[in-house]
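The structure under discussion appears below in the form of structure tokens.
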Amino acid sequence: MDLDSRSLAYVDCFAQRFPSPGSISYHLSSTPLPCPLPDADVFTIEVREGDSGPEGQQHDVRVSVDGGRLVADPPQLTIRQEDVVLWNAQDASTPGFAVQGDGEEFSFSSAALRSQCVYSHVFLTAGDVRWVDANGGPTSGTIRVRSIDSSNPEECRRWTESLERASVITVEGETATPDRLEVLAGQTVFWAIANTTGITVTDERIMVPIQRPPVAEPEG
Amino acid sequence: MAAPELGPSGGVRRLRERIEGEVREPIWPREDSTVSLTEAEHLFAGVHETGANDLFRAFFTARPHHLNYRTSPAVGPVPASAAAWTTIPAISFPGIPGGIQLAIQFSIPTVDFHPDTLGVPPPLVFPLGEFSIRTTVRLAVLCGSRRGDGDPDQPGSAFVLQSAVLEIVGLGRVRVQTFGPGVGELSFELEAVEIVDIAPADLESLLECLILQLLQAVLSTVRLPFSGIPVAGVFTLQLLRGPEVEDDQVKLYGDAV
Amino acid sequence: MPDIIAALDETAANVVVPRAVNTLPPLSGSGSGSLGPFTASWSASATLSNGSVDLIPPPPDVIRITNCRLDYSLSFSFSIDLSFLNFCLPRICITIPFIGRVCTPRICITFPTITVPVSHSSFVVFTADFRLNVHLTGGNWLVDAVVVGVPSLQISAAAAALLVAIGAAISAALLLVPGIGPILALAAAAIIAAIGIAGVTGLLGPILTPFVSGLTFNLITQPQVFEVLPAAPGEAAVNVTLDSLAATLVASPGEDELRVDADIS
């Protein structure tokens, strides 16, 4: 499972805080297009006025495949202002997906992390990972993933305890803090996006230079 | 020949003596179960005289021109095929136009490896380690006289084919030449011949000398490579001992390489 | 008395027989077999060489080759369902000032079925008895040595080496599986233990045994129409006919011999 917020795998989560009341329509796609395809299923979130409490409430949406299509469960949500909706694949059989939605005054996308959202990833394979913004921004960082000798009881205990601990990288503007992190294989890293232009968290090794086709001139 | 005597093993002990009176070594008949074939070496190849005669027959049947020599078909009409003959020049002689026309033909020789099975005529003595050889030689000459020139009572020259067949018994040794590990050939070298019943003695000696040369030349064409010995030729023989002619066989001893 | 006699003692046989064995063409085979709890699809090739020759006249009338070497190359693959390694991560919660409290759901790490390819080459040494078979086939006299029964292969050392090779292949395959890192060594050990020496022996034996059972090598091939001398310019070829051929093992005082008799015409 590659590190790529544009394609959420079953070890990834995307959470978005909804600060304003209103109706939100969103879709799920296996391609990170910035706009929905004509036949995309639409799911809704109704954001009511008034918050749920000091920390807000979390609502979980499980994404799976039904009839060859990505579906959200529940397909319709009613939440309060400041609540958080978290999307996660139901299991390993769910293909990578992106979440993109719009309201009257609000839009969000897991393929362009902008504001008051979280992306998490479980690192399973040891090694050094440099993550970058696939949308071209300068934001980046390095994560060293270490493995342990699980045949050593002490190491094994240390590892199982570490699985309950999270590491957090905060991204404000173009700056990621910390930009270097060391974790054990199996641990979860959170990227907390305060305010950016819309970044991705993508393993530099899977960044493939894309030759963009010529853009058609607008009519008229 | 001395009367046979019983030896310690119960076998028959025979003494062979040369005409000159030399006493030969006794020859104990070998019993196969007491000695291995390879003896002190590791590879043995033996060609029995029956096998050798099969090889001779095959050789001279395939290559009859090594038995038949003629100056012209007139002196050697049989066999009819020209390929079965070697053409030789006529014997030049003053006054005989075209020389003396002759033909020499040998029958396919047969060999007898020691010990003597067929008996050799005196004065030949069949020694240990040799073979005897039997063949016939046909000598033919186109004979005629030159009539007097211009004599009306004497017609022109007339030639008659005259031939004689002689039985030949010879003695010889098997020789070997090696060219490298596992590569060699056997040859048959004639040492003496005896023409049976011809007189006077000087004529016999003359003819024996002549025929010895001819038959030596014929036998020199027979060269049996190790690879040409059926079965035995499969094993690459590095010759260490032999050829030894005994027990009706020519024997080769060596190593497999 | 035969027209031609050839004989080898054991010293010469130790030159001739290994040479005949060494010229056997490579053997090959393929199939599937059990590797402990797994099923392996395999292909293999083998060559024979060397060996010490003992000529043993009747009884039992055999050519015994000891320390004959069977060199083999084996390629096989088997599938392992790694779902026995599945485990679930605990829920993890964080509190972020500008977002609030976020908790991940229970994420269960699942492992796929993997295919493990293994390539391994080694050898086994064995002893086998052969009996002479003389026959005229296709215009050729053949003296073959045909194996008696099924030689027993001592494959324990080869099985141990193969188990090590399998272990290395499993570890290499597991390295490619995401998430296996912390439990790689445990997973490899569990799989190897499931296979065990017995599993490898159970796979290797049925693969190698057919290479030696029914083994036949040729000692002598002679065309029935045997060319004594080849044709040459102006000379015809000289041929004889091999009327009969016999091959026996003979006991003589002090040594045993392989004797071949031939009659020609």
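Things worth noting here:
- Spin-label pair B:Ile91/C:Asn239, simplified geometry with 7 Å Cα→Cβ offset, distance in nm: 4.1
- Degrees separating the helix C:184-212 axis from the principal Cα axis of chain C, which is the longest one: 20
- Separation of alpha-carbon centers, the stretch C:190-227 and the stretch A:51-95, rounded to whole Å: 61
- DSSP-defined beta bridges in the stretch A:1-140 - what % are antiparallel, rounded to 5: 70
- Derived value for chain C: Kirkwood hydrodynamic radius 23.1 Å. Basis is the mean of 1/r over every pair of different alpha-carbon atoms.
- Summarised as an ellipsoid, the protein assembly as shown has semi-axes of 105, 33, 17 Å, derived from the eigenvalues of the Cα gyration tensor scaled by 5 and square-rooted, with the largest first.
- Remark: relative contact order (the stretch C:4-264) = 22 percent; criterion is Cα-Cα distance under 8 angstrom and separation of 6 or more residues.
- Note on C:Glu227 and A:Ser140: the model spin-label points, each 7 Å out from Cα along the C-beta direction, lie 7.6 nm apart.
- Computed extension length for A:Glu154-A:Glu46: 34.0 nm, one decimal, from 0.36 nm per residue of separation with the Cα-Cα distance subtracted.
- Cβ-based charge dipole, the protein assembly as shown, positive-most Cα from B:Leu55, A:Phe14, A:Val84: A:Val84
- The overall shape of the stretch C:1-136 is prolate: from the C-alpha gyration tensor, with semi-axes ordered a ≥ b ≥ c, the ratio a/c is 1.5 or greater and a/b exceeds b/c.
- FRET efficiency for the B:Ile108 to C:Ser121 pair, using the beta carbon distance and R₀ = 60 Å, is estimated at 0.50.
- In the protein assembly as shown, taking the dipole from charged Cβ atoms about the Cα centre, the farthest positive-side position among B:Cys143, A:Tyr119, C:Leu35 is held by A:Tyr119.
- Given charges at beta-carbon only (K, R positive; D, E negative), |dipole| of the stretch C:183-265 in Debye: 680
- Label-point gap, in nm, between A:Asp66 and C:Ser32 - each point 7 angstrom along Cα→Cβ: 3.8
- Quarter of the Cα convex hull surface for the stretch B:80-137, i.e. its orientation-mean projected area (nm²): 6.9
- Radius 14 Å from Cβ of C:Leu184, net charge of other residues (Lys, Arg +1; Asp, Glu -1): -1
- Cβ crowding within 10 Å, taken as a proxy for footprinting-reagent exposure, orders B:His65, A:His121, C:His135 from fewest neighbours to most as C:His135, B:His65, A:His121.
- Chain C: angle of helix C:10-22 to the longest principal axis, Cα-based, in degrees nearest 10: 50
- FRET efficiency for C:Gln154 and C:Ala246, using Cβ-Cβ distance with R0 set to 35 Å, rounded to 0.05: 0.50
- Placing +1 on the Cβ of every Lys and Arg and -1 on the Cβ of every Asp and Glu, with nothing else charged, gives the protein assembly as shown a dipole about its Cα centre of roughly 840 debye.
- Centre separation in Å (Cα based) which lies between the stretch C:67-99 and the stretch A:102-122: 33
- Counted residue by residue at 0.36 nm each, then reduced by the alpha carbon distance between them, the extension gain from A:Thr78 to A:Asn195 reaches 39.6 nm.
- Folded to 0 to 90 degrees: helix A:153-162 orientation relative to chain A principal axis, Cα: 20
- Taking other Cβ atoms within 10 Å as a rough exposure proxy, C:Phe84, B:Phe56 sort from fewest to most as C:Phe84, B:Phe56.
- Listed by Cβ neighbour count within 10 Å, with the fewest neighbours leading, A:Tyr26, B:Tyr253 appear as B:Tyr253, A:Tyr26.
- Cα centroid separation - the stretch B:33-65 against the stretch B:207-232, whole Å: 14
- The Rg/Rh ratio of chain A, with both radii computed over alpha carbons and Rh defined as the Kirkwood radius, is 0.99.
- Computed E for B:Glu191/C:Thr66 - FRET, C-beta separation, R0 45 angstrom, nearest 0.05: 0.35
Throughout, read-outs are computed from the coordinates displayed, never taken from laboratory work. Just so it is clear, the model here is predicted, and its values are computed rather than measured. As a convention, Cβ positions derive from the backbone with ideal geometry for all residues, glycine included, and neighbour counts pool all protein chains shown.
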